[in-house]
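Below is one structure, written out as structure tokens; comments come after it.
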Amino acid sequence: MSNKQQFQRAQFDQVMVPNYAPANVIPVRGEGSRVWDQQGQEFIDFAGGIAVNCLGHCHPKLTAALQEQGQKLWHLSNVMTNEPALALATKLVEHTFADKVYFANSGAEANEAALKLARRYAQDNYGTDKTEIIAFNQGFHGRTFFTVTVGGQAAYSDGFGPKPQGVTHLPYNDVAALEAQVSDKTCAIMLEPLQGEGGIINATPEFLTAVRRLADKHNALVIFDEVQTGVGRTGKLYAYMNSAIVPDILTTAKALGGGFPIAAMLTTTAIAAHLKVGTHGSTYGGNPLACAVANAVLDEICQPQVLAGVSQREQMFRAGLAAINDKYQVFKEVRGQGLLLGAVLNDKYAGRSREFLLASIDQGLMSLIAGPNVVRFAPSLIIPEADITEGLARFERAVAAVVAA
Ligand SMILES: *Cc1c(COP(=O)(O)O)cnc(C)c1O
């Protein structure tokens with residue numbers, strides 16, 4: 001017998017700050033799209049650690065990259081650069097619009113860097129009046145005070161004292177509202193090309209085109225927060241590649257490390273030039289261990305068959321969810337793109353997304369929610385088809401249980 005202490009969920013309430021309400025099960029092991037808890041109960045993972053585990057759990061190539069780099073060099077700080085960081089930045093530049101990369105450790109940090117860069121760029125080029133950040137209702141950009149203030153849910157930023165100033169929120173997909181607000185004082189327009197946390201809300205092509213056109217007209221920058229949509233999630237490496245526009249700054253995190261914390265801000269040479277020596281930084285950003293893992297992630301994701309597999313799997317999810325809905329009539333629509341999908345509850349089940357999530361856990365399925373009305377799926381991009389089929393069967397039993405309750 002192991003002499004290790006067997007921790008229980010109750011311990012969480014004893015020793016952790018109460019800002020999370022984790023489920024009762026405690027997973028201890030994962031492989032591919034399956035996860036096992038302390039009792040050995042198996043789960044199929046449709047959550048992907050909130051769109052992070054893009055290659056499932058313990059992918060052999062990622063484990064190998066981690067082990068190899070773990071025996072070479074973990075950390076230096078930015079007093080020196082390192083080979084994995086240079087390799088990763090080179091790949092990101094090769095595969096995107098960007099010329100320059102800044103590394104951080106989380107989505108919020110990458111967004112913080114993007115916002116600070118946009119402000120500095122505007123100030124250097126156009127003076128101190130050009131500070132307005134336009135962002136959108138329900139948007140989510142992280143939990144630092146600047147990023148959470150730019151996010152579109154005041155409930156997340158209220159209650160912490162004076163907020164960073166100069167942030168305007170508009171309805172998402174509302175071209176007229178944007179047209180009315182944007183001015184020469186606008187420094188940046190920040191948005192997710194598909195809102196994730198806010199409820200899996202697709203941007204309309206007209207809206208994205210208007211964002212680009214109005215930003216150009218007023219010398220404002222377009223910041224795409226691709227923390228959730230990036231790294232293959234929508235079937236392209238980045239979601240902007242599905243649209244007609246290119247942002248000036250793009251942030252990426254979550255899936256970039258496949259489960260190892262890393263983030264990046266991508267931009268052009270002309271904009272990057274304003275983040276001069278000493279203007280911003282991070283102790284860990286570009287850490288060799290994180291970059292080695294992210295290099296392995298990009299090598300896998302950038303294979304055409306992996307990206308093509310995303311839309312194939314999307315079709316399986318959509319067909320499966322439609323069949324479940326034919327039987328139980330719980331959803332009004334399925335939104336999203338690629339393997340970032342949201343099943344929107346109809347009026348009869350409005351506000352009850354968490355019940356579906358908990359019922360899924362009972363059936364051996366990990367899912368997500370995106371607000372009170374949306375059940376969200378963000379599985380591994382290489383989830384085996386058999387796991388999709390079995391996971392959907394479990395989800396159907398969860399739906400049946402909620403309907404019967
Ligand atoms: C998750 C998320 C963030 C925050 O990322 P963290 O790593 O939690 O700081 C920012 N923007 C979007 C769109 C996200 O989905």
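FYI, it's all coordinate maths here, none of it is from the lab. This is a predicted model, so every value here is computed, not measured. With ideal geometry, Cβ positions are generated from the backbone for all residues, glycine too; neighbour counts draw on all protein chains shown.
The figures follow:
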{"quantity": "Chymotrypsin sites (Phe, Trp or Tyr not before Pro) within region 66-116, DSSP loop, no more than 14 other Cβ atoms inside 10 Å", "calculated": "Trp74"}
{"quantity": "Region 270-405: C-alpha gyration tensor shape, a/c 1.5 cut-off, then a/b vs b/c", "calculated": "prolate"}
{"quantity": "Contour minus Cα-Cα distance for Lys91 and Glu385 (0.36 nm per residue)", "calculated": "102.9 nm"}
{"quantity": "Per residue convex hull volume, Cα atoms of region 73-301, in Å³", "calculated": "119"}
{"quantity": "Antiparallel bridge percentage (DSSP; both residues within region 73-301; nearest 5)", "calculated": "45"}
{"quantity": "Region 228-303 - Debye-derived log10 I(q)/I(0), Cα point model, q = 0.13, 0.19, 0.20, 0.24 Å⁻¹", "calculated": "-0.45, -0.91, -0.98, -1.19"}
{"quantity": "Degrees separating the helix 60-70 axis from the principal Cα axis of the chain, which is the longest one", "calculated": "60"}
{"quantity": "Leu221 long-range amide H proximity, modeled H, under 5 Å", "calculated": "Ala188, Ile189"}
{"quantity": "³J(HN,Hα), Karplus 6.51/-1.76/1.60, whole Hz, each residue of region 382-387, x for Gly, Pro", "calculated": "10, 4, x, 4, 4, 6"}
{"quantity": "Candidates per chymotrypsin sites (Phe, Trp or Tyr not before Pro) in region 1-52, loop by DSSP, up to 12 other Cβ within 10 Å", "calculated": "Phe7, Tyr20"}
{"quantity": "Largest-first principal axis extents of the Cα set of the chain (Å)", "calculated": "62, 54, 46"}
{"quantity": "For the chain, share of DSSP beta bridges that run antiparallel, in % to the nearest 5", "calculated": "65"}
{"quantity": "Full-extension gain in nm, Thr204 to Asp184, via 0.36 nm per residue minus C-alpha separation", "calculated": "4.7 nm"}
{"quantity": "At R0 = 22 Å, FRET efficiency that the Cβ-Cβ distance of Ala23 and Glu333 yields, to 0.05", "calculated": "0.25"}
{"quantity": "Footprinting exposure proxy for Lys348, Lys217, Lys236 (fewest neighbouring C-beta atoms within 10 Å first)", "calculated": "Lys348, Lys217, Lys236"}
{"quantity": "Global form of region 210-342, assessed from the alpha-carbon gyration tensor, a/c cut-off 1.5", "calculated": "oblate"}
{"quantity": "Sequence-distant residues sharing a close amide H with Ile382 (under 5 Å, placed H)", "calculated": "Gly56"}
{"quantity": "Fully extended contour minus Cα-Cα distance, from Gln11 to Val277, at 0.36 nm per residue", "calculated": "91.3 nm"}
{"quantity": "Fewest-first sequence of Thr267, Thr204 by Cβ atoms within 10 Å of each Cβ", "calculated": "Thr204, Thr267"}
{"quantity": "5 angstrom amide H check on Gly166, placed H, neighbours 5+ away", "calculated": "none"}
{"quantity": "Degrees between helix 205-217 axis and first principal axis of the chain (Cα, 0 to 90, nearest 10)", "calculated": "20"}
